[in-house]
Ligand SMILES: NC(=O)c1ccc[n+]([C@@H]2O[C@H](COP(=O)([O-])OP(=O)(O)OC[C@H]3O[C@@H](n4cnc5c(N)ncnc54)[C@H](O)[C@@H]3O)[C@@H](O)[C@H]2O)c1
Ligand SMILES: [Zn+2]
């Protein structure tokens, strides 16, 4: 058992994201929230009116720090709250926020700051893309999930009764400000769930990141600043590379869905109540590795490493979905194209491929494996 963790020193990091619609940066720094005003002055070369969209738990813990920084830099700032939680990721929230903004005098020069987890990022991002046909957007993510994934790449969206993220836009922010210090108030379960997305990035294209994460306990990731910044920065870099090459998911961007085909099926089968998203992705990643192993697609030992790393951070919620239910859900996933199920499968740590025509037998063996592992 390896007990030491490799800590890498990182200064302020600026990661460029280049897309056809806009070039921008993700800035990562411990304590960055207190410098948000300064950075936004650089980005906007002036002080346009700012509307911060957030949820009560984030406002309560971090609102003052952000507000002080923005007003200190000369921005006229107003905070607007939305209800907390995935069930408020709805078009009605976009509409209510738009009414609030209008009442408070927001015009086309307004900058919208999405300040919170992935839900706030998706809702406020969508609002910015349609409010008066589009106003400037800044993402300030405050969960691991949002810092390593949701805030970068420009996808916005809300849920419909028939499914998640079915209404949305591509809308790139002017800048993404990532302050890992904000994660200190995140519940342990949320923190860990988000970290599986970082582990996913390691499997997709960064073996070094995977190795550092497989050697670390979740406790040390919470405590060790450099380690945490490294995990976030390397994940953002990977997403930035992929999004820069493929803004609208023509092909390459699909690799980011490693673990998500089965992960979504697990979430849907349990009505989004049993797993946090990252937990379902962790199971999905183990299952994808098992499928790759069954098909002799991956190198020897790859499955075992992905399984062990995913389970090392603690017990994951149990899996009880039947194979036939999971198969039906996978076939009806919105990413399934004309009945052909594509799986992102690991070839080795740091390399994946999109594979179609995965045999049902391999999928059912993978489901049996994760059901078994979840009972251990
Ligand atoms: N746009 C994209 O590319 C993309 C990518 C991945 C996920 N997503 C979306 O992100 C959403 C999930 O995001 P999430 O996991 O961040 O959930 P979330 O936004 O619901 O946040 C989880 C909880 O943590 C609280 N919280 C946030 N920051 C906190 C902090 N610093 N301290 C204490 N509590 C805090 C929130 O109030 C909430 O209760 C999903 O809707 C998913 O579809 C979008
Ligand atoms: Zn995800």
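Nearest 0.05, what FRET efficiency do residue 188 and residue 23 give at R0 = 35 Å with Cβ-Cβ as r? Plugging the Cβ-Cβ distance into 1/(1 + (r/R0)^6) gives 0.45.
For the pair the stretch 192-262 / the stretch 97-116, the C-alpha centres are spaced 32 Å from each other.
Relative to the longest principal axis of the Cα atoms of the chain, helix 188-205 runs at roughly 70 degrees.
So what is the orientation-averaged projected area of the stretch 258-376, using the convex hull of its C-alpha atoms, in nm²?
On the way: hull surface 26.3 nm².
Over all viewing directions, the stretch 258-376 projects a mean Cα-hull area of 6.6 nm².
First measure r as the distance between the Cβ atoms of residue 368 and residue 273, then evaluate 1/(1 + (r/R0)^6) with R0 = 30 Å and state the FRET efficiency to the nearest 0.05. The calculated FRET efficiency here is 0.80.
Compactness of the chain, taken as the C-alpha radius of gyration over 2.2 N^0.38 Å, stands at 0.97.
Neighbouring Cβ atoms within 10 Å as the yardstick, rank 196, 171 fewest first.
Numbers: 196 29, 171 18.
If I rank by nearby Cβ atoms, fewest first, I get 171, 196.
Once the Cα atoms are used to define both axes, helix 225-245 deviates from the longest principal axis of the chain by about 90 degrees. As a size descriptor, the averaged projected area of the C-alpha convex hull of the stretch 1-160 was calculated at 11.4 nm².
Would you mind getting me the FRET efficiency between residue 12 and residue 169? Use the beta-carbon distance for r and R0 = 30 Å, nearest 0.05. Please report the intermediate quantities before stating the final value.
Details: r = 30 Å, r/R0 = 1.01.
In this case the efficiency is close to 0.50.
Here the label points at residue 351 and residue 224, each 7 Å from Cα along the C-beta direction, are separated by 2.8 nm in the simple model.
Once the Cα atoms are used to define both axes, helix 302-312 deviates from the longest principal axis of the chain by about 60 degrees.
Values in this text are rule-based calculations from the coordinates and carry no lab data. None of the values given here were measured: they were computed from a predicted structure. Reconstructed Cβ throughout: ideal geometry from the backbone, glycine too, with neighbour counts over all protein chains shown.
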